[in-house]
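Chemist: Mind having a look at this structure? Questions to follow.
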Amino acid sequence: MTKRVKSTKVGDIFEFVINSEEKRYLQYVISDMSQLNSDVVRVFKKKYPISSTPSLDTITNDNILFYTHCDTKTGIKKEIWKLYGNSQEVGITDDIYFRCPETTTNKWNPDAPNWFIWNCNEDAFFVRKLTKEQKQLPLGGVYPVDFVRLLILNEDCNSFPEKYWSEMEK
């Protein structure tokens, strides 16, 4: 029988177990209508001992490792993360930008030409060449939760997709 999960909502914080000793948290911060109305999450940097129970304020005051798009409800269904709590402290959401190549033929190389850049819920704009700052933006797109799991484990959202697609197929 399929596991029934309540809908997730902005502010929800999820616990992600890294291994038998550590965990980390992520938070659903905004729905991005420009990317299939997908959930945008921020993944926090700090790793916690598996037995710890940090406060929601402690979690949301942490530095951000990266932002990405995913389906938070599917993450719960697949038991990749579990709901920990909800905090209305979601940070500043009007300057979360992503980048995506015009085509995937450039192998996601940030030095390749022709990119789209967008802010959540806004139209993308085209750039021929990424600036130094734009190269640091997270790669955008709506990713399967198994893929997001690999991004969190590897603490990296900019060295894919080739690096992780092969790991997902295992």
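Chemist: Given the conditions (1) more than 13 Å from Phe14 (Cα to Cα); (2) modelled with pLDDT of 95 or more, and given that Ser55 satisfies all but one, which numbered condition is not satisfied?
Modeler: (1) is the only condition that Ser55 fails.
Chemist: Given the structure, is Ile59 within 19 Å of the chain's Cα centre (by Cα) and touching a residue at least 24 places away in the same chain (Cβ under 8 Å)?
Modeler: Criteria met by Ile59.
Chemist: Considering only residues that are touching a residue at least 60 places away in the same chain (Cβ under 8 Å) and assigned to a helix (DSSP H, G or I), which ones fall in segment 118-146?
Modeler: If the condition is that a residue be touching a residue at least 60 places away in the same chain (Cβ under 8 Å) and assigned to a helix (DSSP H, G or I), then Val145, Asp146 are the ones that fit.
Chemist: Let me ask something else. Criterion first (among the charged types (D, E, K, R), open to solvent by less than 10 Å² (accessible area, probe 1.4 Å) and at pLDDT below 95) does Asp32 satisfy it?
Modeler: Yes; evaluated as a whole, the condition is true for this residue.
Chemist: Restricting to segment 47-63, what's the tally of residues that are within 30 Å of Glu122 (Cα to Cα) and either in contact with a Cys (Cβ under 9 Å, 6 or more places away or on another chain) or surrounded by 15 or more Cβ atoms within 10 Å (Cβ to Cβ) (or both)?
Modeler: Matching residues across segment 47-63 total 4.
The values are calculated or read from the model by the stated rules, or taken from the named source; none is laboratory data. Please read these numbers as outputs of a predicted model, since none were measured by experiment. Please note: Cβ atoms are built from the backbone with ideal geometry, for glycine as well, and neighbour counts cover all protein chains shown. The area values use the complete protein model at the heavy-atom level, side chains included, leaving out ligands, DNA and RNA. Shrake-Rupley method; radii C 1.70, N 1.55, O 1.52, S 1.80 Å.
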